[in-house]
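Working notes, beginning with the structure itself.
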Protein chains: 2
Amino acid sequence: MARAAGVSPTTVSHALNGKGTVRKETVERVQRVATEIGYRPSPIAQGLQRSRLGLLALVIRPFHSLDTFLPEGVDYFLRIAGAAGVTAMEHGYSLMMVDDPTRPGVPFSARAADAYIVTEPFENDPVLTMLSEQHIPFVTVGADPARRDEFITLDEGADQQAQLMITHLAEAGAQRIALVTGTDRNDWNLGSQRTLERWCAARGHEPLILSLPEVEGERAGEAIVDHFFAGERAEHPDAVFCLTGRHAAGVLQAATRRGIRVPEDLLLAAGSGSLQNRTSRPTVTTLNLRPEETAQRAVEIAVRLAEGERVEGPLSVPRATLDIRESTSRPPRG
Amino acid sequence: MARAAGVSPTTVSHALNGKGTVRKETVERVQRVATEIGYRPSPIAQGLQRSRLGLLALVIRPFHSLDTFLPEGVDYFLRIAGAAGVTAMEHGYSLMMVDDPTRPGVPFSARAADAYIVTEPFENDPVLTMLSEQHIPFVTVGADPARRDEFITLDEGADQQAQLMITHLAEAGAQRIALVTGTDRNDWNLGSQRTLERWCAARGHEPLILSLPEVEGERAGEAIVDHFFAGERAEHPDAVFCLTGRHAAGVLQAATRRGIRVPEDLLLAAGSGSLQNRTSRPTVTTLNLRPEETAQRAVEIAVRLAEGERVEGPLSVPRATLDIRESTSRPPRG
DNA sequence: CTGAAAGCGCTTACAG
DNA sequence: CTGAAAGCGCTTACAG
């Protein structure tokens, strides 16, 4: 490029970046030649000397157990991804989704991010261990349950979120609330479980809890209904709270198939809902976890970390709200 | 790092990459020190000299008019994105989603990709112009309608795809098929329109076609039904083919609201379907565009381009198939 | 106003 | 077996 314009590399750089002082005609000539030959400064070379690429990485840990980058009917994480991409762009960064960067053979670009966002890390998550050991800045959405205060974390307040739904179900008349969690050992599953146990303990009855792999999705419906409605009638729950929208959709189908009416016989709710919970018959009450705002906060923190700022203080996701729908809208049993 | 291990940078490089010949003990010491101090070679510096970062960029042009990275109920592109991410990873690349890289102020990382995939480019798309001028390798999914053979393109065969659905509707008894396209000037909208026009011409009647912004989604349903069912009864279509699943979902709702029964009074089909078309009542017939395979092909081409290989010959997406559902399953009008 | 020099953090011939 | 030198493509002091 320098040769093509008949000037030094220094002058090219100055001209193209508006730095230093360059005669106006020289600037124009350099620009003209640049567009003529389709020259653009190498972002890699530029990155080298800023030692920053303007790249953020998003690791959605639950996708690892779901074994896909595009689980159907799992809105929450896709909305996180979409919003994170947009927010990153607004801050002058790009965002890439990567799977598990600790695996051997990962694209080496996966390690080129300036900062990482890790959502729903597992207990003692090796991804966090690696990032931490290699001094790569990162923020997690939801704590590593085993290392709660060790890393920079947007606390998701799983306890509060579960409590919100449990209170709603109780107010709608539920006496025995069953909880269906996933099997990933993350703060969302573990925290919700703790919360229901506490609630049941306060009422002096045994908690009804079932943990099934997230990946089973709606297929898990039959197993869930079998499990809770097998024994004596007095033992049956009058409300089921599934942490995932797909489990809830499955329960709705399985219950309907057996003549268990929602919400007349059974209240039904989901933690992280999805499209199908809004369109099923009846529609299903869910938590609104506000993934867009969560992503926004996470990206803002990641950007600050990427730029070498310190980030302190207790951080948290926006407070969840209830999207009350038909599945909990009529008092059960009458 | 070199100093910490008491050797030269050359030896560090050799030891860590298993190149050259280094004494076994030296290798071990270097490795030990590396993990101790959390050293990792800078991917940027490595990228500089390979002049490649292992990064692919995906530009989903329709998102630009939809004005979001996460349109709800638009499966096709998200499935493209998910599958592209996975396939990229299998080839040792990461994938980032970028919006319009021609805008001023884009993250400079957005220009750091080794190759681009651009889905559904617009007519005379400036993104393609820029990539082409800057000699950045790219592949499009769907042609730029104005520059059909100028770039490396996975042809989507919009004509064939539309023909497939039209034939199905006709076989199901449709006499007058109305087409609803989006307003983006891409090959999918324009090609489908051409195909319906040809079909109508062969039958000697005027084509019923309405173009409405993709972004209106289900809200467009009322307008569509208003438009086609305003005039005399003889002029009403007996089948509506919406290119987007959201338009189709809207038509279903609006029709139902007016007592137009699907499929008894009206056959309904969508081009690129989504979850809601599979779960609505009745379920809606769609094309299966096989986005996962499309993404896979696109990524494979992008990787070859990134690695400097030539790519030739007519390329195309996998052939669409029909997902026939209730909305076209009974002969209309008895 | 312009350019030679040094440096960003690596790797790859090449010499010892 | 190890390291000094050159180079990947830029930018940023600094000298002229």
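Brief remarks follow.
- Where strands (runs of 3 or more DSSP E) sit wholly within the stretch A:34-138, those with at least 1 residues that are among the polar types (S, T, N, Q) occupy A:94-98, A:115-119.
- Listing of helices (runs of 4 or more DSSP H) fully contained in the stretch B:242-334 that carry 3 or more residues being under 30 Å from B:R52 (Cα atoms): B:291-306
- Verdict on B:Q46 being more than 9 Å from chain A (Cβ to nearest Cβ) and either within 14 Å of DNA strand C (Cβ to nearest atom) or in contact with a Ser or Thr (Cβ under 8 Å, 6 or more places away or on another chain) (or both): no
- A:L128, sole failed condition from (1) closer than 24 Å to A:E293 by Cα; (2) at pLDDT below 95; (3) within 14 Å of chain B (Cβ to nearest Cβ): (2)
- Test: residue in the stretch A:57-70 that is of a type outside the set (G, A, S), surrounded by fewer than 24 Cβ atoms within 10 Å (Cβ to Cβ) and facing chain B (nearest Cβ under 8 Å): yes
- Close pairs from the stretch B:102-123: first touching a residue at least 40 places away in the same chain (Cβ under 8 Å), partner in a loop (DSSP other than H, G, I, E, B) and of a type in the set (V, I, T), Cβ under 8 Å, at least 6 apart: B:A113/B:I136; B:A115/B:I136; B:Y116/B:I136
- If you go through the stretch A:163-191 and keep only what is farther than 19 Å from A:L266 by Cβ and part of a helix (DSSP H, G or I), you end up with A:Q163, A:L164, A:D187, A:W188, A:N189, A:L190, A:G191.
- Top-ranked residue in the stretch A:17-43 [being among the polar types (S, T, N, Q) and at the interface with chain B (Cβ under 10 Å from one of its Cβ atoms); ranked as farthest from DNA strand D (Cβ to nearest atom)]: A:T35
- Complete set of residues in the stretch A:71-106 that are more than 10 Å from every other protein chain (Cβ to nearest Cβ) and within 13 Å of the chain's Cα centre (by Cα): A:V74, A:Y76, A:F77
- Checking each residue in the stretch A:73-98 for being acidic (D, E) and over 18 Å from A:E214 (Cβ atoms) picks out only A:E90.
- Pairs with Cβ under 9 Å, 6+ apart, first in the stretch A:14-25 and part of a helix (DSSP H, G or I), second more than 9 Å from DNA strand D (Cβ to nearest atom) and not β-branched (V, I, T): A:A15/A:A5; A:A15/A:E28; A:A15/A:R29; A:A15/A:Q31; A:A15/A:A34; A:L16/A:Q31; A:L16/A:A34
The values are calculated or read from the model by the stated rules, or taken from the named source; none is laboratory data. Since this is a predicted model, take the numbers as computed values, not measurements. As a convention, Cβ positions derive from the backbone with ideal geometry for all residues, glycine included, and neighbour counts pool all protein chains shown.
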